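The values are calculated or read from the model by the stated rules, or taken from the named source; none is laboratory data. Note that the structure is predicted; figures quoted are calculated from it, not measured. No Cβ is skipped: glycine too gets one built from the backbone with ideal geometry, and neighbour counts run over all protein chains shown.
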Amino acid sequence: MTRAQLFGVLIGLTVVAFFTVLRANDPQLLRQARDVTFDEYQRIAPRGFETMPVKVIDIDEASLREFGQWPWPRDRLANLTNRLTEMGAAAIAFDVLFAEPDRLSPRTVVRDVGGVDPSFVATLPDNDEIFAQAIQDKPVVLGFGLTNDGSYLPSVKAGFAFTGETAAEAPPRLHAATPLRPQLEANAAGLGHISLNPGSSSAVVRAAPLFLSDGQQFYPSLALEALRVAQGASTYVLAAAPNVANTLTAVKIGDFVVPLTSTGELWLYVTPDTTERYISARRVLTDEASSPDVRAAIEGSIVFIGTSAAGLQDVRTTALGQNVPGVSIHAQIVEQILSGRYLSRPDWADGLEILSIALAGTLLVLLTTFVSPVVALVCGLAVTVLGLAASWLAFYYGGLLVDPLAPILAASITHFSATAYRFLVTDRERREVRQAFGRYLSPSLLYRIEHTRNALSLGGDDRELTVMFVDVRSFTEMSERMTPTEVVAFLNTLLDALSRHVLANEGTLDKFIGDSIMAFWNAPVDVVNHPQKALRAALGMRETLARLNAEDAFGFGSGHEVRIGIGIHTGLACVGNMGAETRFNYSAVGDTVNIAARIEAACKDVNFDVLVSEATAEALPNCALLDAGSLGLKGKTTRTRLFAVAGDENLAASPAFAELRLLHDRLVSVLRTRATSSRSIINAAKLKSAALAPGLVGFYARMSRRSEHFAETPVEDAKRPAE
């Protein structure tokens with residue numbers, strides 16, 4: 001581990017620790033993002049609407065047009081109660097506050113008129129009394145709201161039993177309630193609060209408190225009381241965590257067990273709003289009440305009385321993003337309990353999300369620092385997909401709410417931070433390597449040298465290299481006929497096309513020397529079968545040059561072809577960074593380099609475009625090579641045996657080349673011994689080689705004048721190496 005990598009890991013782990021602590025503290029912004037994620041889950045797969053014995057008696061616009069503005073006189077509500085009871089409603093719950101006397105009551109109206117005999121006033125009907133008598137001994141539940149004024153607390157109509165630790169402080173706090181008329185409070189079968197999201201800053205109702213507490217007494221919600229009264233149950237059985245105080249887990253109401261949050265709330269799993277849930281109050285209060293479909297809908301149902309009229313402003317937003325009447329949410333609570341489909345945020349969810357942030361972040365930091373940002377990104381995306389899939393499947397099949405967003409967000413920022421540090425600091429040396437070698441190495445070799453430490457230090461290593469020199473024939477004569485600009489254009493076109501074959505075959509471009517190219521293989525990193533790859537590069541150059549000439553890519557016109565010579569030699573050379581500390585080149589030096597240059601020059605004497613040394617030929621046992629004799633190279637005291645490259649393994653395996661090889665061996669033997677004339681054999685070789693490889697005809701034409709290159713070559717050595 002380098003020092004830069006160590007600092008990168010420390011910085012990355014610091015970012016991971018920050019997000020881990022941040023998630024553990026769970027600020028409001030993260031909670032809001034988590035809620036939005038769970039909302040999206042519900043929008044993708046909402047709870048489907050099922051026909052349930054739950055209805056909303058809707059004081060809608062049609063009802064207000066029929067019977068006048070709200071509030072209605074309570075004798076009409078008494079009539080509504082009587083009709084619903086007569087139709088067989090299992091419970092009647094009013095999502096209405098009855099905090100003040102009915103101002104439309106005849107007794108109240110006349111009493112406010114001056115000079116009326118009080119004894120007469122006492123004989124007039126009182127709507128509150130009428131309503132109180134109507135709800136007496138009926139399954140009616142009245143609602144109360146929360147207020148900060150006064151100290152009134154409603155009576156509790158049900159008993160409570162508890163298991164586990166004390167949980168009196170678990171539910172939201174009830175300091176005071178809106179008062180109920182005494183006779184209504186006394187006669188109601190149940191009393192429940194109508195608050196849906198007390199203390200919440202969000203307009204979206206995602207979880208409804210089923211209980212409130214004043215620190216000693218629990219107060220149930222309107223929906224829960226309606227369910228209790230409908231069953232004729234008398235007691236709530238509340239379960240609390242066995243070893244943790246003030247933590248609720250579930251409540252049993254009659255035959256139903258409902259999972260709760262720790263504060264006594266129910267996660268709402270809502271359905272899209274539908275007209276099937278509603279019955280207009282007008283239909284109940286008019287002759288339509290006798291309709292069979294109305295009676296069938298009411299009979300045995302828990303009915304909630306409330307309003308959807310826009311002017312009365314009892315509108316709430318659900319997790320589906322729909323604005324619905326508040327009374328419908330009370331109805332959906334009961335529907336959800338009856339359906340048995342719950343959502344829950346398990347106790348271990350927070351711990352799992354925190355642990356996911358720590359583990360995923362640490363993994364990404366290590367992968368980014370020691371492997372690759374791309375690999376880390378792929379792994380991060382895979383973890384993201386798995387996390388999203390696991391969270392969704394937990395929601396869809398188990399109703400479990402596990403947040404994938406916080407771990408994904410933390411992992412993304414961690415990966416970005418680690419990648420930025422690596423790009424700015426850790427990868428600086430690799431960028432310097434890429435800048436120095438990017439134009440001379442193939443991408444695969446460049447990647448390998450980037451991951452080699454101390455790649456840019458001065459010095460050299462002795463390595464076996466295969467060195468290639470390429471030179472343009474008659475370049476001096478060609479340049480005399482061109483302007484300097486045309487010479488540059490010509491060289492750029494030619495050298496760019498030829499050098500691509502070096503890079504494509506994992507070679508290293510050492511330098512361009514005027515009209516020449518120097519390249520080598522097996523450095524700066526090992527290249528398997530480097531002589532063979534050098535040969536493939538040479539054959540590729542031959543094909544490319546033929547195509548460029550055929551297309552007149554140089555603009556010289558027909559009949560003016562560009563020719564090149566290529567020399568290849570394999571041997572030991574010193575390769576490394578050479579020059580000054582501030583400016584150096586990666587190059588190779590030594591006798592191997594000199595021999596390769598001399599072999600390229602020998603192409604003129606042999607009259608062939610690609611020659612290799614015996615050392616290189618020995619590494620190419622399956623290629624189409626022909627003995628070119630032993631030539632005296634400049635600077636060498638002994639002759640060097642060379643081979644002409646006719647083609648690759650495919651050509652070598654062809655019957656036509658096998659026949660040519662037999663002729664060639666006979667010709668070499670004749671040239672060595674000079675026993676007979678070689679002219680007939682050369683002519684036969686010309687005919688046989690014309691269709692095999694370009695340049696072989698000229699190669700054989702020149703052999704009659706090169707007998708001295710074969711004179712001292714033993715017959716047994718004149719054959720192709722390694723046969």
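Conditions tested, residue by residue: (1) at pLDDT below 95; (2) among the hydroxyl-bearing types (Ser, Thr, Tyr); (3) assigned to a helix (DSSP H, G or I); (4) under 20 Å from Leu626 (Cα atoms).
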residue	(1), (2), (3), (4)
Gln532	no, no, yes, yes
Arg536	no, no, yes, yes
Gly540	no, no, yes, yes
Phe554	yes, no, no, no
Ser558	yes, yes, no, no
Glu561	yes, no, no, no
Gly565	no, no, no, yes
His569	no, no, no, yes
Leu572	no, no, no, no
**Request:** Could you run through segment 556-609 and say how many residues are touching a strand residue (DSSP E or B) at 6+ places or on another chain (Cβ under 9 Å) and among the hydroxyl-bearing types (Ser, Thr, Tyr)?
**Result:** 4
**Request:** Working only within segment 116-136, note down all residues that are closer than 24 Å to Leu80 by Cβ and without any contact (Cβ under 8 Å) to a residue 40 or more places away in the chain.
**Result:** Leu124, Asp126
**Prompt:** Which residue, of Asp287, Asp314, is loosely packed, with under 15 Cβ neighbours inside 10 Å and at pLDDT below 90?
**Reply:** Asp287
**Asked** Does segment 181-192 contain at least one residue that is in the same structural domain as Asp75 (by TED's automatic domain parsing), in a loop (DSSP other than H, G, I, E, B) and farther than 15 Å from Ile92 by Cα?
**Response** yes
**Request:** Output the residue which, of all residues in segment 55-104 that are in a loop (DSSP other than H, G, I, E, B) and among the aliphatic types (A, V, I, L, M), is nearest to Val334 (Cα to Cα).
**Result:** Ala90
**Request:** Output the residues belonging to segment 171-204 that are within 50 Å of the chain's Cα centre (by Cα), surrounded by fewer than 20 Cβ atoms within 10 Å (Cβ to Cβ) and among the β-branched types (Val, Ile, Thr).
**Result:** Val204
**Request:** Quick one: which residue in Gly164, Gly145 is in contact with a Pro (Cβ under 6 Å, 6 or more places away or on another chain), of a type in the set (Gly, Ala, Ser) and in the same structural domain as Pro242 (by TED's automatic domain parsing)?
**Result:** Gly164
**Item:** Candidate set from segment 384-406 (those that are in contact with a Phe, Trp or Tyr (Cβ under 9 Å, 6 or more places away or on another chain) and aromatic (Phe, Trp, Tyr)); member that is nearest to Ala360 (Cα to Cα)
**Value:** Trp392
**Complete set of residues in segment 338-354 that are part of a helix (DSSP H, G or I) and over 25 Å from the mean Cα position of the chain (by Cα)** = Leu338, Ser339
**Item:** Failed criterion for Ile357 (all others in (1) out of contact with any Phe, Trp or Tyr (no Cβ under 7 Å at 6 or more places or on another chain); (2) assigned to a helix (DSSP H, G or I); (3) more than 30 Å from Arg277 (Cβ to Cβ) hold)
**Value:** (1)
**Message:** Quick check on segment 603-624: of everything there that is of a type in the set (Val, Ile, Thr) and assigned to a helix (DSSP H, G or I), which residue is surrounded by the fewest Cβ atoms within 10 Å (Cβ to Cβ)?
**Reply:** Val606
**Message:** So in segment 36-55, with the set limited to residues that are of a type in the set (D, E, K, R) and surrounded by 18 or more Cβ atoms within 10 Å (Cβ to Cβ), which one is nearest to Ala91 (Cα to Cα)?
**Reply:** Lys55
**Prompt:** How do the pairs read when you match residues in segment 242-253 that are in a loop (DSSP other than H, G, I, E, B) with residues anywhere that are surrounded by 16 or more Cβ atoms within 10 Å (Cβ to Cβ), using Cβ under 7 Å and keeping only pairs 6 or more apart or on different chains?
**Reply:** Pro242/Gly164; Asn246/Ala167; Asn246/Ala170; Thr247/Ala167; Thr247/Ala170; Thr247/Ala240; Thr247/Ala241; Thr247/Ser262
**Asked** Residue check, Glu86 against (1) farther than 22 Å from Gln322 by Cα; (2) touching a helix residue (DSSP H, G or I) at 6+ places or on another chain (Cβ under 7 Å); (3) not hydrophobic (A, V, I, L, M, F, W, C), all met but one. Which one?
**Response** (2)
**Asked** Within the set of pairs 6+ apart or on separate chains, which have a first residue in segment 22-38 that is assigned to a helix (DSSP H, G or I) and at pLDDT below 90, a second that is loosely packed, with under 13 Cβ neighbours inside 10 Å and not basic (Lys, Arg), and C-beta atoms under 7 Å apart?
**Response** none
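Here's the yes/no breakdown for (1) in the same structural domain as Ile517 (by TED's automatic domain parsing); (2) among the aliphatic types (A, V, I, L, M); (3) part of a helix (DSSP H, G or I):
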position	(1), (2), (3)
Ala597	yes, yes, yes
Ala601	yes, yes, yes
Leu626	no, yes, no
Leu631	no, yes, no
Lys636	no, no, no
Leu642	no, yes, no
Leu660	no, yes, yes
His664	no, no, yes
Leu667	no, yes, yes
**Request:** Evaluate segment 260-273: report whether one residue or more is in the same structural domain as Ala168 (by TED's automatic domain parsing), under 30 Å from Trp72 (Cα atoms), touching a residue at least 12 places away in the same chain (Cβ under 8 Å) and not in a strand (DSSP E or B).
**Result:** yes
**Asked** Mind checking whether some residue in segment 216-228 is surrounded by fewer than 24 Cβ atoms within 10 Å (Cβ to Cβ) and farther than 14 Å from Lys157 by Cα?
**Response** yes
**Scope segment 545-592; condition farther than 21 Å from Met482 by Cβ, in contact with a helix residue (DSSP H, G or I) (Cβ under 7 Å, 6 or more places away or on another chain) and of a type outside the set (Ser, Thr, Tyr); matching residues** = Ile566, Gly567, Ile568, His569, Gly571, Leu572, Ala573
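This table checks each residue for (1) under 24 Å from Ala226 (Cβ atoms); (2) loosely packed, with under 13 Cβ neighbours inside 10 Å; (3) touching a residue at least 12 places away in the same chain (Cβ under 8 Å); (4) outside the structural domain of Arg283 (by TED's automatic domain parsing).
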position	(1), (2), (3), (4)
Gly12	no, no, yes, yes
Val15	no, no, yes, yes
Ile57	yes, no, yes, no
Asp60	yes, no, yes, no
Ser63	yes, no, yes, no
Glu66	no, no, yes, no
Leu77	yes, no, yes, no
Gly88	yes, yes, yes, no
Ala91	yes, no, yes, no
**Asked** What number of residues within segment 237-264 are within 22 Å of Val56 (Cα to Cα) and crowded, with 21+ Cβ neighbours inside 10 Å?
**Response** 1
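Matching residues to (1) hydroxyl-bearing (Ser, Thr, Tyr); (2) within 15 Å of Asp648 (Cβ to Cβ); (3) at pLDDT below 95:
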{"position": "Arg583", "(1), (2), (3)": "no, no, yes"}
{"position": "Val589", "(1), (2), (3)": "no, no, yes"}
{"position": "Thr592", "(1), (2), (3)": "yes, no, no"}
{"position": "Glu600", "(1), (2), (3)": "no, no, no"}
{"position": "Phe608", "(1), (2), (3)": "no, no, no"}
{"position": "Glu614", "(1), (2), (3)": "no, no, no"}
{"position": "Ala619", "(1), (2), (3)": "no, yes, no"}
{"position": "Leu625", "(1), (2), (3)": "no, yes, no"}
**Request:** Please go through segment 375-398 and pick out each residue that is of a type in the set (Gly, Ala, Ser) and either under 21 Å from Leu22 (Cα atoms) or buried (at least 17 other Cβ atoms within 10 Å of the Cβ) (or both).
**Result:** Ala376, Gly380, Gly387, Ser391, Ala394
**Asked** Taking Asp149 and the conditions (1) closer than 22 Å to His193 by Cα; (2) not in a loop (DSSP other than H, G, I, E, B), which numbered condition does it fall short on, given that it satisfies the others?
**Response** (2)
